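The values are calculated or read from the model by the stated rules, or taken from the named source; none is laboratory data. In this text, all values refer to a predicted model and were calculated from it rather than measured experimentally. So basically every Cβ, Gly included, is an ideal-geometry build from the backbone, and we count neighbours across all protein chains shown.
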Amino acid sequence: MTGKPEERTAIELLELIASGEMSVCAAVEASLARLHDVEPALNAFVTVRADEALREARDADARRARGAPLGPLFGLPVSVKDLIAVGGMPLTFGSRSMAHNVAAADAASIERLRRAGAIIVGKTTTSEYGCKAVGDSPLTGSTRNPWNIAMTAGGSSAGAAASVAAGVTALAVGTDGGGSIRIPAAMTGLFGVKAQFGRVPAFPIPATPSLAHVCPIGRSVRDVALLLQVLAGYDARDPASVPQSVPDFLDACEREARALRIAWSPTFGYAPVARDVLAVAEPAARAFAELGCEVDEVDAPFGDDSADLWTAEFYAGIGARLGPVLRSDRGALDPDVAAVVEQALAMPIEAYHRAVIGRYAFRERVRQFFERYDLLLSPTLPVAGVEAGVAIPPGLADRNLVTWCCYTYPFNLTGQPAASMPAGFTAAGLPVGLQVVARPYDEESLFTAAAAFEALRPWTPCAPPL
């Protein structure tokens, strides 16, 4: 077990709590103390619920003393992204237009967190309505990367990643509509998973209901598997919810990765990847051969870039939510977000529907590709880091607020499982992520591969120099 409290995995903390070596109060107090120490540098939280979390911790310790059954996350401090409703707490979406909004009830995922015994210490930052791949919004300012506070933590699940990387909590819940869990996971050296679309219910229905996933992020593969096990499962309130039994993600982590058929694509045929990223990601991908896997390099696995298809669907959905604010109080919005939403709303209906139809053709090309392979590997991002306050990195200005992340959004269009795992560091000390994409509904192969890679190239404990 690691020495520093902020380096402990969720499973290690849960073992300490379950054995009685650590009280729930002590676990929550340690989380809040770490939050207090790092928050001035990181700006990862919108709302902290210290009093409520401590009261829940005391109640949990009292229930355990009475011999009450313990849930799988009993006493574990966690955080929740501020695009997800926690009843009675502010739900701001990172927007000044929603600064005083309070959630009436828990989202489906939060209901499950509470039933499992987790304790929510706060709500974490997001770019406005999740519209940017960096961690800033007019409401909360800029969220910084614990590995270098001059850099963004990535977005839109900025605070979730920054706080986990800094050891405030071992696990957090975020979202991913175009890469929003994988992007900050890559930038902060974490493991973040977008499961199969609908595997985790999204209710209340989000602004981008055909693209958005509720996702776990953490420091270890098994931690994330445990949290996903709790969050996943059918919920009739979400029309896209998967009506199947939930796979055993933790069991999948114990299987051998041998004989998986893996494709490695450094560019997808269109991504202008930085040399320092490729220098880390390619050896990481090739390392799967050491595990007995077949690794083939592929150039353009599914043809043309799908950026325009994703842009039409995502920003039109956001526009439907923000349209009234755009017309009545444009100055309340992030100027970058306002501009891209205006552009989406100006798209003729015929062009929009052509994009929707194009999504089906793209999904079929991807499906055919995965008839030959179990997994696809790529860099998660074309760059290792972005300076805080910069929306689109230099050299990628021809792309929009999210599609500069050339590798992530295609798999929101297809809905299949995708993750980012730590591949190593650049010479400048910035983390680099390796994206792992599985066939539809096959999170098990993803977790098997990720756990095997983590064992081959351990990345925990690994704490930033805060």
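Annotations
- Filter result for the condition that a residue is in a helix (DSSP H, G or I), in contact (Cβ under 8 Å) with a residue 24 or more places away in the chain, buried (at least 19 other Cβ atoms within 10 Å of the Cβ) and among the small types (G, A, S), over S445, S378, S420: S445
- Scanning region 423-442 for residues that are farther than 18 Å from V386 by Cβ and surrounded by fewer than 20 Cβ atoms within 10 Å (Cβ to Cβ) gives G424, P440, Y441, D442.
- Of all residues making up region 264-286, the number that are buried (at least 18 other Cβ atoms within 10 Å of the Cβ), assigned to a helix (DSSP H, G or I) and of a type in the set (A, V, I, L, M, F, W, C): 5
- Answer from V200, V246, V214 - the residue that is β-branched (V, I, T), modelled with pLDDT of 95 or more, crowded, with 17+ Cβ neighbours inside 10 Å and closer than 19 Å to T169 by Cα: V214
- Failed item, numbered, when A107 is tested on (1) within 22 Å of A10 (Cβ to Cβ); (2) touching an Asp or Glu at 6+ places or on another chain (Cβ under 9 Å); (3) surrounded by 19 or more Cβ atoms within 10 Å (Cβ to Cβ): (2)
- Of the candidates N43, N101, the single residue that is under 20 Å from A158 (Cα atoms) and among the polar types (S, T, N, Q) is N43.
- Within region 224-236, at least one residue is assigned to a loop (DSSP other than H, G, I, E, B), without any contact (Cβ under 8 Å) to a residue 12 or more places away in the chain and more than 30 Å from A427 (Cβ to Cβ).
- Considered as a group, the residues in region 448-460 that are of a type outside the set (A, V, I, L, M) and assigned to a helix (DSSP H, G or I) include one that is nearest to E256 (Cα to Cα), and that residue is T448.
- Residues being in a helix (DSSP H, G or I) and either in contact with a helix residue (DSSP H, G or I) (Cβ under 9 Å, 6 or more places away or on another chain) or surrounded by 18 or more Cβ atoms within 10 Å (Cβ to Cβ) (or both) - total across region 19-29: 6
- Of all residues in region 51-84, those satisfying the criterion of being hydrophobic (A, V, I, L, M, F, W, C), surrounded by fewer than 21 Cβ atoms within 10 Å (Cβ to Cβ) and outside any helix (DSSP H, G or I) are A68, L70, F74.
- Selection status of L434, in contact with a Pro (Cβ under 6 Å, 6 or more places away or on another chain), hydrophobic (A, V, I, L, M, F, W, C) and either part of a strand (DSSP E or B) or closer than 30 Å to R363 by Cα (or both): no
- Of all residues in region 242-258, those that are under 11 Å from E444 (Cα atoms) have Cβ atoms under 9 Å from Cβ atoms of residues that are acidic (D, E) and in a loop (DSSP other than H, G, I, E, B), 6 or more apart or on another chain, in P247/D442.
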